[in-house]
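FYI, it's all coordinate maths here, none of it is from the lab. Computed from a prediction, not measured in an experiment: that's the story for all the values here. Please note: Cβ atoms are built from the backbone with ideal geometry, for glycine as well, and neighbour counts cover all protein chains shown.
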Amino acid sequence: MKKYLLLFLLSITILIFAEEKISEKKIRIKDNQPYEMIEKLPYSGISSTVAFSSEGQRGYYNIALGFAQIEDFKSALKYAKKIEKQRVKDDCYFKIVLEMIASGLDDKALKTVKKIKDDRNIRQSYSKIIMYIINNNHNYEKAMRYATKYQNENNIKLTKGWIIGDMLKNNKVEDAIEFYKMNVPDKIEKSNIFDTVASTYLYQNDYEGLLDFMKITDIPLNDEYIKVIVRSASRLKKTHLIMNIIDSLNNQEKDKEYARIAISFIREYKYSKAYEILTKIQDVENKDRVYLQFAQNYAKDKNVNRALSYADSMSTFKMRDKLYSICSRSYTKFGYIDEAIVLLKKVNDIRVKEKMTSDIAFNLFINGEIEKYKEIIIAISDVTILDNLYKQIIHKLLRRNQYEQIDECLEKIINNNVKDDALSAIAVSYFRSNDFENAFKKAERIINENTRNKTIEMIQEKE
């Protein structure tokens, strides 16, 4: 495969050189010129984790990545340098860095990162290099040397966590303990990195090992660290390992953590386990959180009547309003508008009521029930809710290529930022429909300079 790719790339390269010699001014490869064969090639190594749209793989960008995939990095960098748009060039350099890392060439990768201008791509590149050194080479000294030289304080802390996690995964417990003692002096940093430690041990079902680690490194089994353990266990679905330590928390924290666990069980549809945990909760506020999660599940599954049955269990108007809002949204989604309106009348909080009204109004408008829409929208007084409703309608109409009512909704929007967002979406939609005149007219109306320039650039890139 690499042999054929190399031959293809060489033929393309010869063609490009020939074109450039004929007339560099008249014949020029643009960043957006397509090369269909290269677009179909998979990325190698760790770069395969990053998916790219076919629109982004053009011209010099494609050729540079093609050379990177066959480890001809000299040619890859040569063609990346020819890319005109800095954003595209930075992205190409980042992909080349990933290919270099996959080939074990971290020194080359570090030199290539210096060509990147975008801060985000720079940070990601250094992190990828360091992660590869840790996960594949287990060269922790080198990883820390790179981290100290190239990363900011927050990323250095992440690197320490990666190192400790890798040590523990590879049964280098003594090394992990020593590294933790020597390199994690700050209390806040200890707490953050402890999350990695707890997650690693719990993932391996080794709760006793976690307790031993805490004892040797003088980490107290207090409320702060217990909460970290519980959060890690909930995330990893390992709560059965740590139930005994929750009882050592004070009542308020205990109820909060029990509620967190019950909610995680409900999201997994393990209702019997959730009810078992629910019986342990004394605080009514945390009980309400659990009841609300039950209601959310049932409403999502179209069993709205069952969801509404939890209203009687709610202890406050606030939580009942949330439940009615959830159920109203489900009714509206499934086309039961009259039932949604009945729930609307039960709500006490004005803002919740107006948001529910907005959801109902949106569905009435989209389904063509304009008279009912006009009757219900007058109940909304909050300008922010109205602006977002009009923007939501505009986006829906654009997806349907229905432009007739867009301007009417657009003119009703008060907030400039919301209007700018809508104008940007309209401009791009017009352009995709080959209505270039209206596309640029809408883009030029955008007030925020950055949004306007970004929209115009987006349109020009698609030309």
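With θ taken as phi - 60° and the coefficients 6.51, -1.76 and 1.60, list the Karplus ³J(HN,Hα) couplings across the stretch 434-445 in order, rounded to whole Hz; mark glycine and proline as x.
Coupling constants for the stretch 434-445: 6, 9, 5, 4, 5, 4, 6, 4, 5, 4, 5, 7 Hz.
Do me a favour and compute the ellipsoid semi-axes for the stretch 350-413 from its Cα gyration tensor, root of five times each eigenvalue, largest one first, whole Å. Write down the numbers at each step before the final one.
Details: eigenvalues 72, 32, 19 Å².
Value: 19, 13, 10 Å, ordered largest first.
Once you compute Rg and the Kirkwood Rh from C-alpha atoms, what is the Rg to Rh ratio for the chain?
Taking Rg over the Kirkwood Rh, I get 1.05.
Do you know the relative contact order of the stretch 152-241, to the nearest whole percent, from alpha carbon pairs under 8 angstrom that are 6+ apart?
Taking the mean separation of contacting Cα pairs over the length of the stretch 152-241, I get 29 percent.
Assigning unit charges at the beta carbon (Lys, Arg +1; Asp, Glu -1) and nothing else, what dipole magnitude in debye, to the nearest 20, does the stretch 382-463 show about its Cα centre?
In debye, rounded to 20, the stretch 382-463 gives about 240.
Tell me the Rg and the Dmax, in Å, that the Cα atoms of the stretch 152-241 produce.
12.1, 38
Spelling out what I want: for every residue of the stretch 70-87, take phi, set θ = phi - 60°, compute 6.51 cos²θ - 1.76 cosθ + 1.60 (Karplus), and round to whole Hz; glycine and proline get x.
9, 6, 9, 6, 4, 5, 4, 5, 4, 7, 4, 5, 6, 5, 7, 6, 4, 4
Between K318 and Q402, how high is the FRET efficiency from 1/(1 + (r/R0)^6) when r is the Cβ-Cβ distance and R₀ = 45 Å? Nearest 0.05.
The calculated FRET efficiency here is 0.70.
With r as the distance between the Cβ atoms of N244 and N348 and R0 = 51 Å, compute the FRET efficiency 1/(1 + (r/R0)^6) and round to 0.05.
The value I calculate is 0.80.
E178 to T384: FRET efficiency via 1/(1 + (r/R0)^6), r the Cβ-Cβ distance, R0 60 Å, to the nearest 0.05?
After rounding to 0.05, the efficiency reads 0.65.
Listing R306, R320 from the residue with the fewest other Cβ atoms within 10 Å to the one with the most, what is the order?
Numbers: R306 14, R320 22.
The order, fewest Cβ neighbours first, is R306, R320.
About the Cα centre of the chain, what is the dipole size in debye to 20, counting +1 per Lys and Arg Cβ and -1 per Asp and Glu Cβ, all else neutral?
So the magnitude is around 860 debye.
Please give the length that would be gained between I370 and M458 if that part of the chain were fully extended, namely 0.36 nm times their separation in residues minus their C-alpha to C-alpha distance (nm, one decimal).
Contour length minus the Cα-Cα distance gives 28.3 nm.
Kindly rank 394-401, 139-146 from highest to lowest mean number of other beta carbons found within 10 Å of each residue. Before the final figure, lay out the partial values.
Values: 394-401: 14.9, 139-146: 16.9.
Going by the mean number of other Cβ atoms within 10 Å, highest first, we get 139-146, 394-401.
With the dipole of the chain worked out from charges on the C-beta (+1 for Lys and Arg, -1 for Asp and Glu) around the Cα centre, which of Y336, S75, S199 lies farthest toward the positive end?
S75
How many angstrom lie between the C-alpha centres of the stretch 379-403 and the stretch 303-327?
27
Identify, among Y430, N401, N388, the residue whose Cα sits farthest towards the positive end of the charge dipole of the stretch 382-463, taking +1 on the Cβ of Lys and Arg and -1 on the Cβ of Asp and Glu, with the dipole about the Cα centre.
N401
Cβ neighbours within 10 Å, averaged per peptide: list 62-73, 234-245 in order, most packed at the top. Show your work: numbers first, answer last.
Working: 62-73: 22.8, 234-245: 15.6.
My ranking of the peptides, most packed first, is 62-73, 234-245.
Could you tell me, in Å, what Rg and Dmax come out for the Cα atoms of the stretch 333-445?
Taking only Cα atoms of the stretch 333-445, I get Rg and Dmax of 15.3, 49 Å.
Whole-Hz ³J(HN,Hα) for each residue in the stretch 309-324, computed from phi via Karplus 6.51 cos²θ - 1.76 cosθ + 1.60 with θ = phi - 60°, x for glycine and proline: what do you get?
So the J values, rounded to whole Hz, are 5, 7, 4, 5, 8, 6, 9, 10, 4, 4, 6, 5, 4, 4, 4, 4.
Using label points projected 7 Å from each Cα along Cα→Cβ, tell me how many nm separate R235 and N434, to one decimal.
5.0
Most exposed first by the Cβ proxy, i.e. fewest other Cβ within 10 Å, how do M356, M182, M131 rank?
M182, M131, M356
Three principal axis extents, largest first, for the C-alpha atoms of the stretch 236-337, in Å?
On the principal axes, the stretch 236-337 reaches 48, 27, 17 Å in Cα extent.
Beyond 30 Å between alpha-carbons counts as too far, so tell me which of K111/K160; K81/K157; K190/K322; K81/K441; K302/K412; K85/K419 fall in that bin.
The pairs that break the limit, which is 30 Å between Cα atoms, are K81/K157; K190/K322; K81/K441; K302/K412.
How many nm is it between the label spots at K149 and E449, if each spot is 7 Å from the Cα in line with the beta carbon?
3.9
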